[in-house]
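A.B. asks: Provided herewith is a single structure, encoded as structure tokens, for subsequent inquiry.
Each reported figure results from applying straightforward, stated rules to the coordinates on display, with no laboratory input. This structure is a prediction, so every number in the text was calculated from the model and none was measured. Don't worry about glycine lacking a Cβ; one is built from the backbone with ideal geometry, like all the others, and counts go over all protein chains shown.
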Amino acid sequence: MGLANIGWSGLVLILVALLLVFGPSKLPEIGRAFGRSLREFKEATRGLAEEATEAAKGEPAPAARVEPIELKAEGVKENVRPEGQAADR
């Protein structure tokens with residue numbers, strides 16, 4: 001549902017409830033504090049978005065270097081071919 005589906009009547013009901021709970025003297029103070037917090041949040045997210053854009057424009061991240069490994073079983077001789085198999089296969 002979300003906040004977009006509140007409508008005007010729901011918004012008026014919320015404002016009346018806030019007015020009854022906090023009183024007319026505290027309501028402007030609460031509104032200013034909410035506005036300041038919202039502004040700081042927007043500035044912080046804008047800063048993060050700019051940093052991500054700058055990082056994306058920079059050098060690409062180096063690819064992970066994978067070193068080959070050698071697997072050897074104990075008791076097995078290296079380069080041993082089954083009988084009858086040619087060496088130049």
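A.B. asks: Put a dot 7 Å past each Cα toward the Cβ at R36 and T53; how far apart are the dots in nm?
C.D. replies: 2.9
A.B. asks: First check a/c for region 1-58, with a ≥ b ≥ c the square roots of the eigenvalues of its C-alpha gyration tensor; if it is under 1.5, answer rounded, and if not, answer prolate when a/b is larger than b/c or oblate otherwise.
C.D. replies: Working: a/c = 6.57, a/b = 2.10, b/c = 3.13.
It is oblate, given that a/c is not under 1.5 and a/b is not larger than b/c.
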